[in-house]
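Chemist: Just dropping this structure here.
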Amino acid sequence: MVFLLSAAAIGGAYAASPAARDAGQSFYAANHLYAAGDYKKAEEGYMAILAKGVENGAIYYNIGNTYFKIGRIGYAILYYERAKRLIPQDGDLKSNLEYARTLLPSSIPEESVFDRYMRYLKIPFADMNLNALSILTLAIYLVIIILSAVFIMNPVAARKSLGPYFILIAVFIVTLTVFCMRYYDEEILRHGVIVLKDVECKYEPIDKSTTYYKLQEGDEVIVLTDRELWRRIKRPDGKIAWVKMEAFDII
């Protein structure tokens, strides 16, 4: 497992602040513990950084690695998924997440044809986080506005450039569609990862309720509502059930 060593990402734009320097030092210390094989203390060190309000893809990624090393694969997948939202372009993260998933059985049915096509549509933008995708969408929109103004003032240029212009509009429509899908998926929906084995999903939020189906460690679900110690969740195939909160965590 490759882990991220750079503390520059921890400080970010606030690298000069004492809090950022302290976070960077704590990050290096946790990395040293990880390299020494003391994964439990390394995990505690990374968690202490998060407790200070620092959210960073490198931290989530390294926490995922520590959980992987101690055999808690469900939690490893959870933190890899959290890191993926911030650093989706990281090759080591992609490899580790894919490998972790191969180690666990899944009870999730295969995706539908529609979901498969939507996933294919997102592939060209997979290495971009939501902020980068929004900037790209806005940039294409501004170019279209500028070109439209130029074409109004110069009809001759418009006739010569209609092909590329309409291609740009098509690219904008695709980019905007993917942005809206990603925004809804990442900011509106609440996704969770099952962190325990053989989790019973009930028809009702009570222990004596009949089990509807079971989920396995590492399975991903959508969280619908909360009720005391239970959460109402939905599988990718649309089946809804109740699960105890302790069985999974929100990405």
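Chemist: Being of a type in the set (S, T, N, Q) and within 21 Å of residue 123 (Cβ to Cβ) narrows it down to one residue among 161, 134; which is it?
Modeler: Criteria check complete, one pass: 134.
Chemist: Among 222, 240, 169, which is in contact with a His (Cβ under 7 Å, 6 or more places away or on another chain) and either in the same structural domain as residue 125 (by TED's automatic domain parsing) or among the β-branched types (Val, Ile, Thr) (or both)?
Modeler: 222
Chemist: Being modelled with pLDDT under 95 and among the aromatic types (Phe, Trp, Tyr) is the filter here, so list the residues in the range 184-211 that pass it.
Modeler: 184
Chemist: Only residues in the range 195-224 that are more than 15 Å from residue 248 (Cα to Cα) and small (Gly, Ala, Ser) count as the first member; pair them with residues that are in a loop (DSSP other than H, G, I, E, B) and modelled with pLDDT of 95 or more, Cβ under 7 angstrom, at least 6 apart or cross-chain, and list the lot.
Modeler: 209/203
Chemist: While we're looking at this one, here's another question. Could you run through the range 153-170 and say how many residues are touching a residue at least 24 places away in the same chain (Cβ under 8 Å) and either out of contact with any helix residue (DSSP H, G or I) (no Cβ under 9 Å at 6 or more places or on another chain) or over 19 Å from residue 139 (Cα atoms) (or both)?
Modeler: 0
Chemist: Another one. Checking residue 120 against (1) modelled with pLDDT under 90; (2) surrounded by 12 or more Cβ atoms within 10 Å (Cβ to Cβ); (3) of a type in the set (Phe, Trp, Tyr), which test does it fail?
Modeler: So residue 120 meets the others, but not (2).
Chemist: Residues in the range 66-97 that are without any contact (Cβ under 8 Å) to a residue 60 or more places away in the chain, among the β-branched types (Val, Ile, Thr) and more than 24 Å from residue 24 (Cβ to Cβ): how many?
Modeler: 1
Chemist: I would also like to ask the following. Among the strands (runs of 3 or more DSSP E) contained in the range 157-247, which hold 3 or more residues that are of a type in the set (A, V, I, L, M) and surrounded by 13 or more Cβ atoms within 10 Å (Cβ to Cβ)?
Modeler: So the answer is 220-227, 240-244.
Chemist: Output the qualifying pairs, or none if there are none: Cβ atoms under 8 angstrom, residues six or more apart or on different chains, first residue in the range 175-194 and within 16 Å of residue 131 (Cβ to Cβ), second residue of a type in the set (Lys, Arg).
Modeler: What qualifies is 178/122; 181/122; 182/122; 186/85.
Chemist: Then there is this: More than 18 Å from residue 129 (Cβ to Cβ) and without any contact (Cβ under 8 Å) to a residue 24 or more places away in the chain, is that true of residue 63?
Modeler: Against the criterion (more than 18 Å from residue 129 (Cβ to Cβ) and without any contact (Cβ under 8 Å) to a residue 24 or more places away in the chain), residue 63 qualifies.
The values are calculated or read from the model by the stated rules, or taken from the named source; none is laboratory data. This structure is a prediction, so every number in the text was calculated from the model and none was measured. Positions of Cβ are backbone-derived with ideal geometry, glycine not excepted, and every protein chain shown enters the neighbour counts.
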